[in-house]
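Enquirer: What follows is a structure written as structure tokens; I'll ask about it next.
Bear in mind these aren't lab numbers, they're just calculated from the coordinates by the rules spelled out. Given the structure is predicted, the values throughout are model-derived calculations rather than measurements. Don't worry about glycine lacking a Cβ; one is built from the backbone with ideal geometry, like all the others, and counts go over all protein chains shown.
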Amino acid sequence: MIRTSLLFIAIASLATTTACSKKKEGEGGAAKSSESAGPTKLPKLGLSIDVPGDVTVGDAVMGEGHMLTGADVGAMQIEVAEKPETLDEAKSDADMYTPKNVKADKLADGWALSFDNTGGAGANYFVEVRREIGGKTYKCSTTQGDKDRAAAVLVACKTLKKS
């Protein structure tokens, strides 16, 4: 879990930097850009999500799904979960990070967990949302150093739905 999170942090930082520089230069994104005027489609998953601002939809770093990058969300990943996980299991996994400000919410079709910690690289904000949609379990997540972006990802993950 630690290696996966550290890898995701590194890739998210790189993706965010790349997405922001592309937007400033006016270049096109890897897959598709979307305005916040409507849901962003996730074609590999047959889902859509309401994400603020311009986002680029690309392939997931690991697993079946998508990575979204944008100025308002940094980098976030939506993928088919390898196995359903309970909220209690997720909280137990989070203990290895010495979490602060833990917020756990049960949703009608899953759960949402967010927390922060301070590590060697400064503040880190974690978001993981699990949703059961159409008989599959989806994981929507981010790990990053920006509190506002993490909060935007948490809100967006709760809007995940069938296209």
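Enquirer: Could you work out how far apart the two model spin labels at residue 101 and residue 71 are, taking each label as a point 7 Å from the Cα in the direction of the beta carbon, and quote it in nm?
Expert: Label-label distance for residue 101 and residue 71, simple model: 2.3 nm.
Enquirer: Collect residues whose amide H, placed 1.01 Å from N in the peptide plane, falls under 5 Å from the amide H of residue 146; neighbours closer than 5 in sequence don't count.
Expert: Here 125 satisfy the definition.
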